[in-house]
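I have placed the structure first, in the form of structure tokens, so that the comments after it can refer back to it.
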Amino acid sequence: DVAESNPQTDKEMEDRLRLAQEIMRIDPDDPFALLTVSYYAYLSENHQLCRDLYQRYIELYPDDAAGWNNLALSYKRTGEYLEEEKLYRIALALEPGNSNTKNNLAVNLAHQGRYGEAHQLMNELKSDPEEIPYAELHRAKIAAAEGKQGRAYRHLKKALSLVERLDTFHH
């Protein structure tokens, strides 16, 4: 999102971030502000700020599975896979059917060399047409972690053919 943006998108991103930062000055516990600033910290690889803000968010909103999932993603970025897995499991305990968290956990398990568990989790996912591109993308990541480049390429090609269904392209 950051590296391949365009001037209009850059302006929109800057405006959104500026708004969130201003809201945080007024109300440091505002959920929109916390999530927005932490997301941009994630994208800019400011791991500590990202974690601090997501940690604050889950302290305020402990029943929101998305907060736990997003905090877990920050640990993925630094290769802290056991902590990442723990946080995904908390998110899934709160929202067992969340396919995004299941996809993320499956890739996490693959990063730990636990490929059988990763595939089993991916097989449990429902095949909702809107979720297929995201699941295919994660299947590609798992295959790549296994060193199965041909399979990874096939899954990635399928995900990219359906890219307009993805809600974000930062993957």
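The values are calculated or read from the model by the stated rules, or taken from the named source; none is laboratory data. Everything numeric in this text was worked out from a predicted model, so none of it was measured. The protein model used for the area step is the full one, side chains on, heavy atoms only, and it has no ligands, DNA or RNA in it. Shrake-Rupley method; radii C 1.70, N 1.55, O 1.52, S 1.80 Å.
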*Can you tell me the accessible area per residue over the chain, all protein chains present, probe 1.4 angstrom, in square angstrom?*
56 Å²
*Note the angle between two axes, namely the Cα long axis of helix 65-77 and the longest principal axis of the Cα atoms of the chain, as a number of degrees from 0 to 90, rounded to the nearest 10.*
70 degrees
_Inverse mean reciprocal Cα-Cα distance (Kirkwood Rh) of segment 101-171, Å_ = 11.9 Å
_Sequence gap at least 6, Cα distance under 8 Å: using those rules, report the relative contact order of the chain to the nearest whole percent._
12 percent
*Under the rule of -39500 (n - 2.57) per DSSP H run of 4 or more residues, summed and divided by the residues of the chain, what mean residue ellipticity at 222 nm is obtained, to the nearest 500 deg cm²/dmol?*
-23500 deg cm²/dmol
*asked:* Through the Karplus equation 6.51 cos²θ - 1.76 cosθ + 1.60, θ set to phi - 60°, convert the phi angles of segment 21-36 into ³J(HN,Hα) values in whole Hz; use x for Gly and Pro.
replied: 5, 5, 4, 5, 5, 7, 9, x, 9, 5, x, 4, 5, 4, 5, 5
*Once the Cα atoms of helix 132-146 and of the chain are each reduced to a long axis, what angle between those two axes, in degrees from 0 to 90 to the nearest 10, is obtained?*
70 degrees
_With only alpha-carbon pairs counted, each pair once and no self-pairs, how large is the Kirkwood hydrodynamic radius of the chain in angstroms?_
17.0 Å
*Whether segment 50-114 is rounded, prolate or oblate, judged on the alpha carbon gyration tensor where a/c under 1.5 counts as rounded*: oblate
*Of Lys126/Lys157; Lys11/Lys141; Lys76/Lys148; Lys86/Lys126; Lys86/Lys148, which sit over 29 Å apart, Cα to Cα?*
Lys11/Lys141
_Just want to confirm a number: the relative contact order over segment 50-118, from Cα pairs under 8 angstrom separated by 6+ residues, in percent._
24 percent
_Degrees separating the helix 81-94 axis from the principal Cα axis of the chain, which is the longest one_ = 80 degrees
*Theoretical gain in end-to-end length, Gln120 to Lys158 [0.36 nm per residue, Cα-Cα removed]*: 11.7 nm
